[in-house]
1. Send over the semi-axes of segment 145-233's equivalent ellipsoid, whole angstrom and largest first, taken as the square roots of 5 times the C-alpha gyration tensor eigenvalues.
2. Which order do peptides 147-159, 183-195 fall in by mean Cβ count within 10 Å, highest first?
3. If you fit an axis through the alpha-carbon atoms of helix 81-96 and take the longest principal axis of the Cα set of the chain, what angle between them do you get, 0 to 90°, nearest 10?
4. What number results when the radius of gyration of segment 37-187, computed over Cα atoms, is divided by 2.2 N^0.38 Å?
5. When only Cα pairs under 8 Å and 6 or more residues apart are kept, what is the percent relative contact order across the chain?
6. Given 0.36 nm per residue, what is the gain on full extension from residue 196 to residue 114 after removing their alpha carbon distance, in nm?
7. Would you mind telling me which residue in 160, 81, 61 has the biggest mean-square fluctuation in a Gaussian network model of the chain, where springs connect alpha carbons within a distance under 10 angstrom?
8. For residue 126 and residue 69 in the same chain, what is the full-extension length gain: residue separation times 0.36 nm, less their Cα-Cα distance, in nm?
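What follows draws every value from the coordinates through simple rules; no lab data is involved. Note that this is a predicted model, so its numbers are computed, not measured. Note that each Cβ is placed from the backbone with ideal geometry, even for glycine, and that neighbours are counted across all protein chains shown.
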């Protein structure tokens, strides 16, 4: 069964300037995801998409097989990610000359994942027969118990109600924070209708310490600390 890995990264960033190429323990942030994909031994090709020539060059140097130039309209601050992922996948298919059955998208700003998280997500897709798998960590707040929403009039209330009301967090359904680290899709349904959620979507649970997404300087500091501790262990 053929598999492809896509990794998409914009040249611009508002939260952490230049974060995708920023040095993280001796290698650019983007190189960690490429190395993890390579470590799995799963993929026929690793395709890296960006609007930045510098990032594309760094990705090839780090071990990516295919460099995909992302159209400018897919690289703005407000552009959704799914069209960029689809574009990268389609360009990879065109260059490979074959269509894989499954593809995995890795978020560049989630370098704390392990190769085993990737193989686990792919295994879950295969075992479940689902159209896709996402990853997440146990939520710190439950929408049934202590996560609130602010209404238009300024008042607040629980994000999700239950009947009878849930009075103990332990009684609430398990909830997860999406960590955006790993997405696994079957190619055919994704190309037909790209989506994050389908009726049969499954979730692979990852621990919080492997789920930090770099979206601020504090996130970067935490990721660097955790990676340093991992490498020293």
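1. 29, 24, 15
2. Per-residue Cβ counts within 10 Å, averaged per peptide and sorted highest first, yield 183-195, 147-159.
3. Value to nearest ten degrees: 30.
4. Normalised Rg, Cα atoms only: 1.31.
5. Value for the chain: 23 percent.
6. Here the answer is 27.4 nm.
7. 160
8. Once the chain is fully extended between residue 126 and residue 69, it gains 17.5 nm.
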